[in-house]
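Encoded as structure tokens, the structure appears first; notes follow it.
The values are calculated or read from the model by the stated rules, or taken from the named source; none is laboratory data. Since the model is a prediction, treat every value here as computed from it, not as a measurement. In this analysis, Cβ positions are derived from the backbone assuming ideal geometry, glycine residues included, and neighbour counts consider all displayed protein chains.
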Amino acid sequence: MQRVLLDCDPGIDDTLALAYLAALHHVGEIELVGVTTSAGNVSVGETARNAAWALETLGLSQVPVAPGQPSPLAVPLVTTPETHGPHGVGYLSPPDSYEFAADWRAIWRRAQAVGAHLIITGPLTNAATWAAGRSFDDFASLTVMGGAVNYRGNTTPTAEWNFHVDPHAAARFFEKLGHSGHLATLCSLEVTEQFLIDSPRLDKLIDVLGDAPIATVLPELLRFYFEFHEAQGEGYQAQIHDLLTTMIALDRITFDAVDTTIAVEADSPLLRGTSVADLRSHWDAPHNARLVTAADIDAAHTELLRAARFLAE
Ligand code: RIB
Ligand code: CA
């Protein structure tokens, strides 16, 4: 069985990733050993609350949740309520009644000790903080959603949101990996933007979920995201970056990837958060990433419905 640690910033698509992991946990395909959160879509206190609310709704209140670092390594925190809603979960407003585990590092230490797969779907602040003093040895795998690698950004012309929020963390994370012998599977915008959910697919998902409590909150979770994407000219639908990343991390869909060296710009005012892959080995630098170049999107849609049936039971 795969053990999983999710570091996330719920966030609408992070919430769908949590629902997917909960489904696999309930049927014993995985064990979700912990959830830690970063400051990104909304503040770290709100992302932790949202994660705890999602897990409670999904019947996993026992999974430990802890807020991670409260702000980026070197720049002020910028959140995006205009994308994910005033509280980070669309039009929903979860209660603030949750208690959290005291220390996110303790959750990471326990996850490392049991050989968990580490999946990161928010800014890399916690991962870079961890890397400053500890290794990624013993984690079964590392998978990151982030970057617009050799591709247009969604936050600036060249930067993707997670890397833009904390560019120093992204830069240091990949620098550290390059000297560690570990590769992070990197799911960047060029691939994750392809995984789209629209109203018909949402209706089908809700139908398959049946009486699962999460089914009742999905309409107001996704409606905000649909409206945001429509306002961006992407149509009335939503890119579910973090859910695709989670499926790739657990090898539940087929994908193509290339080992390469990723570098992230941290200090340039215009190019902050820009990520580049040295696909032609100009830098002669150690590889630090397995860049996903394609994924079976149809299989991802099928996999989502397969998992949803586990929550309906
Ligand atoms: O750019 C997409 C990423 O930014 C996703 O992780 C989404 O949740 C937002 O955090
Ligand atoms: Ca996210």
Residues that are under 23 Å from R252 (Cα atoms), among the hydrophobic types (A, V, I, L, M, F, W, C) and either out of contact with any Phe, Trp or Tyr (no Cβ under 9 Å at 6 or more places or on another chain) or within 16 Å of ligand 1 (Cβ to nearest atom) (or both), drawn from segment 27-50: I30, L32, V33, V35
Residues being under 21 Å from G147 (Cβ atoms) and without any contact (Cβ under 8 Å) to a residue 24 or more places away in the chain - total across segment 275-313: 5
Filter result for the condition that a residue is part of a loop (DSSP other than H, G, I, E, B), touching a residue at least 60 places away in the same chain (Cβ under 8 Å) and over 21 Å from Q239 (Cβ atoms), over L73, L60, L118: L73
Residue check, L24 over 17 Å from the mean Cα position of the chain (by Cα), surrounded by 19 or more Cβ atoms within 10 Å (Cβ to Cβ), in contact (Cβ under 8 Å) with a residue 60 or more places away in the chain and more than 16 Å from ligand 1 (Cβ to nearest atom): no
Hey, T125 in contact with a Pro (Cβ under 7 Å, 6 or more places away or on another chain) and not aromatic (F, W, Y) or not: yes
Condition met for A212 (touching a residue at least 40 places away in the same chain (Cβ under 8 Å), under 20 Å from A312 (Cβ atoms) and away from ligand 2 (no atom under 16 Å from the Cβ)): yes
Matching residues, segment 160-181, being under 19 Å from the mean Cα position of the chain (by Cα) and either surrounded by fewer than 19 Cβ atoms within 10 Å (Cβ to Cβ) or within 15 Å of ligand 2 (Cβ to nearest atom) (or both): E160, W161, N162, F163, H164, V165, D166, A169, A170
Among (1) surrounded by fewer than 24 Cβ atoms within 10 Å (Cβ to Cβ); (2) part of a helix (DSSP H, G or I); (3) of a type in the set (G, A, S) - the single one A212 does not satisfy: (2)
Considering residues of segment 67-111 that are small (G, A, S) and at pLDDT below 95 only, the residue farthest from F173 (Cα to Cα): S97
Single condition R3 does not satisfy, out of (1) within 16 Å of ligand 2 (Cβ to nearest atom); (2) of a type in the set (D, E, K, R); (3) part of a strand (DSSP E or B): (1)
Qualifying residue in segment 102-113 (condition: more than 12 Å from ligand 1 (Cβ to nearest atom), surrounded by fewer than 21 Cβ atoms within 10 Å (Cβ to Cβ), acidic (D, E) and part of a loop (DSSP other than H, G, I, E, B)): yes
Residues of segment 234-244 that turn out to be within 23 Å of G147 (Cβ to Cβ) and either touching an Asp or Glu at 6+ places or on another chain (Cβ under 7 Å) or modelled with pLDDT under 95 (or both), as a count: 7
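Quick grid of which residues meet (1) farther than 26 Å from V33 by Cβ; (2) touching a helix residue (DSSP H, G or I) at 6+ places or on another chain (Cβ under 7 Å):
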residue: H117; (1), (2): no, yes
residue: T121; (1), (2): no, yes
residue: L124; (1), (2): no, yes
residue: F136; (1), (2): no, no
residue: G146; (1), (2): no, yes
residue: Y151; (1), (2): yes, yes
residue: E175; (1), (2): yes, no
residue: P200; (1), (2): yes, no
